[in-house]
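Chemist: Quick one: the structure is below, questions incoming.
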Amino acid sequence: MNWGLIGIGGALALAAAGSAIGIGTAGMAAIGAWKKCYAQNKPAPFMLIAFTGAPLTQTLYGFILMNNLRDKLGTMDPGLLLGLGVLGGLAMGYSAAFQGKAGAAAADALAETGKGTAQYLIVLGIVETVAVFVLVFMMGVTG
(Lines give C-alpha, C1' and ligand atoms only; values in the text may rest on other atoms or scores of the structure.)
Protein backbone atom coordinates (compact mmCIF):
# COMPACT_ATOMS: atom_id res chain seq x y z
CA MET A 1 0.00 0.00 0.00
CA ASN A 2 1.24 3.47 -0.88
CA TRP A 3 0.63 5.67 2.16
CA GLY A 4 1.19 8.73 0.01
CA LEU A 5 -2.20 8.13 -1.61
CA ILE A 6 -3.88 8.71 1.76
CA GLY A 7 -2.10 12.03 2.04
CA ILE A 8 -3.11 13.00 -1.48
CA GLY A 9 -6.77 12.27 -0.80
CA GLY A 10 -6.55 13.65 2.70
CA ALA A 11 -5.52 17.08 1.46
CA LEU A 12 -8.86 17.55 -0.28
CA ALA A 13 -11.04 15.56 2.11
CA LEU A 14 -9.91 17.34 5.28
CA ALA A 15 -10.03 20.79 3.71
CA ALA A 16 -13.53 20.08 2.37
CA ALA A 17 -14.70 18.77 5.75
CA GLY A 18 -13.59 22.02 7.36
CA SER A 19 -15.37 23.98 4.64
CA ALA A 20 -18.58 22.08 5.27
CA ILE A 21 -18.35 22.76 9.00
CA GLY A 22 -17.59 26.45 8.46
CA ILE A 23 -20.34 26.92 5.88
CA GLY A 24 -22.84 25.13 8.10
CA THR A 25 -21.92 27.25 11.11
CA ALA A 26 -22.08 30.56 9.24
CA GLY A 27 -25.20 29.46 7.37
CA MET A 28 -27.12 28.68 10.54
CA ALA A 29 -26.21 32.08 11.95
CA ALA A 30 -27.22 33.82 8.71
CA ILE A 31 -30.61 32.12 8.75
CA GLY A 32 -31.13 33.16 12.36
CA ALA A 33 -30.05 36.72 11.57
CA TRP A 34 -32.46 36.92 8.63
CA LYS A 35 -35.23 35.58 10.83
CA LYS A 36 -34.59 38.37 13.35
CA CYS A 37 -34.67 40.95 10.56
CA TYR A 38 -37.93 39.62 9.17
CA ALA A 39 -39.49 39.48 12.64
CA GLN A 40 -38.56 43.14 13.20
CA ASN A 41 -39.57 44.23 9.67
CA LYS A 42 -35.96 45.27 8.97
CA PRO A 43 -34.22 44.70 5.64
CA ALA A 44 -32.39 41.38 5.60
CA PRO A 45 -28.78 41.94 4.42
CA PHE A 46 -27.89 39.88 1.37
CA MET A 47 -24.22 40.25 2.37
CA LEU A 48 -24.72 37.40 4.82
CA ILE A 49 -24.35 35.09 1.81
CA ALA A 50 -20.70 36.19 1.53
CA PHE A 51 -20.10 35.43 5.20
CA THR A 52 -21.68 32.01 4.71
CA GLY A 53 -19.77 31.09 1.56
CA ALA A 54 -16.34 32.32 2.61
CA PRO A 55 -15.15 28.94 3.98
CA LEU A 56 -15.74 27.27 0.61
CA THR A 57 -12.43 28.50 -0.78
CA GLN A 58 -10.47 26.18 1.51
CA THR A 59 -11.90 23.25 -0.47
CA LEU A 60 -10.33 24.77 -3.57
CA TYR A 61 -6.99 25.11 -1.76
CA GLY A 62 -7.21 21.46 -0.72
CA PHE A 63 -7.88 20.51 -4.34
CA ILE A 64 -4.84 22.46 -5.50
CA LEU A 65 -2.65 20.83 -2.84
CA MET A 66 -4.05 17.40 -3.73
CA ASN A 67 -3.12 17.88 -7.38
CA ASN A 68 0.34 19.15 -6.47
CA LEU A 69 0.95 16.12 -4.27
CA ARG A 70 -0.44 13.75 -6.90
CA ASP A 71 2.12 15.10 -9.36
CA LYS A 72 4.87 14.11 -6.90
CA LEU A 73 3.66 10.50 -6.53
CA GLY A 74 6.53 8.16 -7.33
CA THR A 75 9.17 10.86 -6.94
CA MET A 76 8.60 11.77 -3.30
CA ASP A 77 8.69 9.64 -0.16
CA PRO A 78 5.16 8.28 0.55
CA GLY A 79 5.50 9.21 4.23
CA LEU A 80 6.21 12.80 3.28
CA LEU A 81 3.21 12.85 0.94
CA LEU A 82 1.07 11.43 3.74
CA GLY A 83 2.25 14.07 6.20
CA LEU A 84 1.95 16.99 3.79
CA GLY A 85 -1.52 15.99 2.66
CA VAL A 86 -3.02 15.18 6.03
CA LEU A 87 -1.44 18.05 7.94
CA GLY A 88 -2.06 20.53 5.13
CA GLY A 89 -5.66 19.41 4.78
CA LEU A 90 -6.18 19.64 8.54
CA ALA A 91 -4.77 23.15 8.71
CA MET A 92 -6.94 24.29 5.82
CA GLY A 93 -9.95 22.58 7.36
CA TYR A 94 -9.43 24.32 10.68
CA SER A 95 -9.07 27.64 8.86
CA ALA A 96 -12.41 27.03 7.16
CA ALA A 97 -14.14 25.93 10.36
CA PHE A 98 -12.99 29.00 12.26
CA GLN A 99 -13.73 31.26 9.32
CA GLY A 100 -17.28 29.95 9.56
CA LYS A 101 -17.40 30.86 13.24
CA ALA A 102 -16.16 34.35 12.44
CA GLY A 103 -18.71 34.54 9.61
CA ALA A 104 -21.44 33.55 12.04
CA ALA A 105 -20.50 36.37 14.39
CA ALA A 106 -20.32 38.77 11.45
CA ALA A 107 -23.78 37.72 10.27
CA ASP A 108 -25.29 38.35 13.67
CA ALA A 109 -23.54 41.70 14.08
CA LEU A 110 -24.41 43.00 10.60
CA ALA A 111 -28.04 41.99 10.85
CA GLU A 112 -28.37 43.68 14.23
CA THR A 113 -26.49 46.90 13.52
CA GLY A 114 -26.39 47.22 9.74
CA LYS A 115 -22.79 48.40 10.12
CA GLY A 116 -19.26 47.03 9.90
CA THR A 117 -19.35 45.03 6.66
CA ALA A 118 -15.80 45.97 5.65
CA GLN A 119 -14.35 45.15 9.05
CA TYR A 120 -16.12 41.78 9.14
CA LEU A 121 -14.81 40.91 5.68
CA ILE A 122 -11.29 41.86 6.75
CA VAL A 123 -11.50 39.45 9.68
CA LEU A 124 -12.67 36.67 7.35
CA GLY A 125 -9.77 37.49 5.04
CA ILE A 126 -7.26 37.25 7.86
CA VAL A 127 -8.56 33.80 8.82
CA GLU A 128 -8.44 32.78 5.15
CA THR A 129 -4.80 33.85 4.96
CA VAL A 130 -3.85 30.92 7.17
CA ALA A 131 -5.11 28.48 4.52
CA VAL A 132 -3.34 30.39 1.74
CA PHE A 133 -0.08 30.30 3.69
CA VAL A 134 -0.46 26.56 4.31
CA LEU A 135 -1.03 25.95 0.61
CA VAL A 136 1.96 28.02 -0.45
CA PHE A 137 4.30 26.60 2.19
CA MET A 138 3.27 22.98 1.56
CA MET A 139 3.77 23.44 -2.16
CA GLY A 140 7.16 24.97 -1.40
CA VAL A 141 8.18 21.81 0.43
CA THR A 142 7.34 19.71 -2.64
CA GLY A 143 9.52 21.90 -4.86
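Chemist: In nm, to one decimal, how far is the modelled label at Phe137 from the one at Leu73, with both set 7 Å along Cα→Cβ?
Modeler: 2.7 nm
Chemist: All other residues with a Cβ under 15 Å from the Cβ of Tyr120 taken together, and with Lys, Arg as +1 and Asp, Glu as -1, what is their net charge? If you can, show how the numbers build up before the last one.
Modeler: On the way: positive: Lys101, Lys115; negative: Asp108, Glu112, Glu128.
Within the 15 Å Cβ shell, the charges total -1.
Chemist: Please give, to one decimal in nm, the separation of the simple spin-label points placed at Thr113 and Met28, each 7 Å out from Cα toward the Cβ.
Modeler: 2.4 nm
Chemist: Okay, next question. Can you give the accessible area per residue of the chain, in Å², using a 1.4 Å probe?
Modeler: In whole numbers, the chain has 51 Å² accessible per residue.
Chemist: As I understand it, the dipole of segment 3-142 uses +1 on the Cβ of Lys and Arg and -1 on the Cβ of Asp and Glu, about the Cα centre. Which of Gly62, Gly125, Ala39 lies farthest toward its positive end?
Modeler: Farthest towards the positive end: Ala39.
Chemist: Would you mind giving the three semi-axes, in whole Å and largest first, of the ellipsoid equivalent to the chain according to its Cα gyration tensor?
Modeler: On the way: eigenvalues 265, 32, 14 Å².
One finds semi-axes of 36, 13, 8 Å for the chain.
Chemist: Let me ask something else about it. Just Phe98, Phe51, Phe133 to compare: in a GNM of the chain, with alpha carbon springs under 10 Å, which one fluctuates most?
Modeler: Phe133
Chemist: In the chain, carbon and sulfur make up what percent of the accessible area (probe 1.4 Å)? Walk me through the numbers before you get to the answer.
Modeler: Numbers: 5450 of 7330 Å².
Carbon and sulfur together cover 74 percent of it.
Chemist: Can you tell me, using C-alpha contacts under 8 Å and at least 6 residues apart, the relative contact order of the chain as a whole percent?
Modeler: Working: 250 pairs, mean separation 56.7, N = 143.
That works out to 40 percent.
Chemist: Would you work out the charge dipole size for the chain about its Cα centre, treating the Cβ of every Lys and Arg as +1 and the Cβ of every Asp and Glu as -1, and quote it to the nearest 20 debye? Don't jump to the answer; show the numbers that get you there.
Modeler: Working: 7 positive and 5 negative charges, 73 e Å.
Here the chain has a charge dipole of around 360 debye.
Chemist: Enumerate the aspartates and glutamates that Lys42 could reach by cross-link, defined here as Cα to Cα under 14 Å, with residues fewer than 8 away along the same chain left out.
Modeler: Straight-line reach from Lys42, under 14 Å: Asp108, Glu112.
Chemist: Angle check, please: helix 78-113 long axis (alpha carbons) against the longest principal axis of the chain (alpha carbons), in degrees 0 to 90, nearest 10.
Modeler: 0 degrees
The values are calculated or read from the model by the stated rules, or taken from the named source; none is laboratory data. As the structure is a prediction and not an experimental result, all values here were calculated from the model. Cβ: placed from backbone, ideal geometry, glycine included. Neighbour counts: every protein chain shown. Side chains included, ligands, DNA and RNA excluded: accessible areas come from the protein's heavy atoms. Shrake-Rupley method; radii C 1.70, N 1.55, O 1.52, S 1.80 Å.
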